[in-house]
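Heads up, the thing below is written out as structure tokens.
The values are calculated or read from the model by the stated rules, or taken from the named source; none is laboratory data. This structure is a prediction, so every number in the text was calculated from the model and none was measured. Virtual Cβ from ideal backbone geometry, glycine too; neighbours counted across all protein chains shown.
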Amino acid sequence: MSRFFVFLISILISIPVFAQTYHDHLIRGLHLFSGHQYNAAAEAFSKAVALNPDHDDGWFRRGQAYLELGRHTEAISDFSKTISIRPAHGEAYYFRALAGIQKGNNGDALKDLNKALEIDSALVMAYLVRAEIAVKAGRNGEVLNDLNKAINLAPLNSNAYFMRARVLLRNGQAEKALEDLGQAIKFDPDNPEMRLERSQILLNIRMFSEAAEDMTIAIENGFDYAEMFQMRASAWFQAEMFSQAISDYTRLINTFRLRTEQNYFNRGLARLNTNDLSGACEDLRKAASLGHTEAEKRAGELCK
């Protein structure tokens, strides 16, 4: 090895390694956070905080990562630190409220939400969360006020319409609730909870086929449990869409093993309406054997 090469190596070793800055760690943390790598993001934000503890972004971002990780006490601490550095940080109050709610501290959370909206009256989600707290406390007037503000600020927010629909429904305003659910579904058409909620109103006003269609979308998007098929079977039947009703009753009987006298009886009646006398008689006799009096009477009349 030449003397020159040894000299070059010694120079390279003596040069300090490039040190990452506060902003390097912050940007890395944001990238990890956006990829849902919350532990790694929290570590990156911790390094940023260590380098510049007087800057609010590092504390705020780490608080968000802790909140995603369910580390609510640490999240509250970081949001409080953010507020101590920048008292007019509306989002820090909002996120501290979320952490407080997770810990069951609704009173403190409400104070934080009020402060957040005092600082920034355009925080749509703060209105929605405050409305949720008011719902639980039974303060419907406050709920509607907050939801109206949220909708005015964000007219494409499906959750605001959905929440308002539920409040209106509790207040006996089914027609207005139906309008809001229509708006909510317009912006979030595959939401099973919204579809189920609307289907119940449609059933009450005897719009059976429309109710069944909403239930279908709810089922396709995860609400594929027996109770949904039971309700949809009834809706199809009342809409006189008997083939669809037969399909749902068959699923209830065969897949979910709900071999009840009523399911056999209802499928029997649906089969009668599709001119399947043999299948109808089989179902009516089965229902009768399980103790269904009307099925026994119908079988005696029809099935010779």
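Key figures for this structure:
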quantity: Restricting segment 283-304 to residues that are in contact with a Cys (Cβ under 7 Å, 6 or more places away or on another chain) and assigned to a helix (DSSP H, G or I), the residue that is surrounded by the fewest Cβ atoms within 10 Å (Cβ to Cβ); calculated: L302
quantity: Hits in segment 132-159 (condition: of a type in the set (G, A, S) and in contact with a Phe, Trp or Tyr (Cβ under 8 Å, 6 or more places away or on another chain)); calculated: A150, S158
quantity: Residue in segment 251-299 that is farthest from A226 (Cα to Cα), counting only those that are of a type in the set (V, I, T) and touching a residue at least 24 places away in the same chain (Cβ under 8 Å); calculated: T274
quantity: Condition met for A122 (closer than 22 Å to Q200 by Cα, in contact (Cβ under 8 Å) with a residue 12 or more places away in the chain and among the small types (G, A, S)); calculated: no
quantity: Close pairs from segment 217-243: first farther than 20 Å from I253 by Cβ, partner of a type in the set (D, E) and in a loop (DSSP other than H, G, I, E, B), Cβ under 9 Å, at least 6 apart; calculated: I217/D190; A218/D224; E220/D190; N221/D190
quantity: Residue within segment 204-213 that is surrounded by fewer than 21 Cβ atoms within 10 Å (Cβ to Cβ), of a type in the set (D, E) and in contact (Cβ under 8 Å) with a residue 12 or more places away in the chain present; calculated: no
quantity: Only listed residue being buried (at least 18 other Cβ atoms within 10 Å of the Cβ), farther than 19 Å from A235 by Cα and in contact with a helix residue (DSSP H, G or I) (Cβ under 7 Å, 6 or more places away or on another chain), chosen from A280, A270; calculated: A280
quantity: Breaking point among (1) closer than 24 Å to D120 by Cα; (2) modelled with pLDDT under 95, for E68; calculated: (2)
quantity: Test: residue in segment 124-143 that is over 26 Å from A177 (Cα atoms), outside any helix (DSSP H, G or I) and either of a type in the set (S, T, N, Q) or out of contact with any Asp or Glu (no Cβ under 7 Å at 6 or more places or on another chain) (or both); calculated: no
quantity: Among residues of segment 230-262, those that are touching a helix residue (DSSP H, G or I) at 6+ places or on another chain (Cβ under 6 Å), charged (D, E, K, R) and part of a loop (DSSP other than H, G, I, E, B), counted; calculated: 1
quantity: Answer from S77, S14, S46 - the residue that is of a type in the set (G, A, S) and at pLDDT below 95; calculated: S14
quantity: Tally of residues being hydrophobic (A, V, I, L, M, F, W, C) and surrounded by fewer than 24 Cβ atoms within 10 Å (Cβ to Cβ) across segment 62-91; calculated: 5
quantity: Any pair with Cβ under 6 angstrom, 6 or more apart, that starts in segment 18-38 at a residue that is surrounded by 13 or more Cβ atoms within 10 Å (Cβ to Cβ) and ends at one that is assigned to a loop (DSSP other than H, G, I, E, B); calculated: Y22/N52; Y38/L69
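Residue-by-condition table, conditions (1) modelled with pLDDT under 95; (2) in a helix (DSSP H, G or I); (3) surrounded by 15 or more Cβ atoms within 10 Å (Cβ to Cβ):
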| site | (1), (2), (3) |
| --- | --- |
| L117 | no, yes, yes |
| F162 | no, yes, yes |
| L168 | yes, yes, yes |
| G172 | yes, no, no |
| G182 | no, yes, no |
| I185 | no, yes, yes |
| L196 | no, yes, yes |
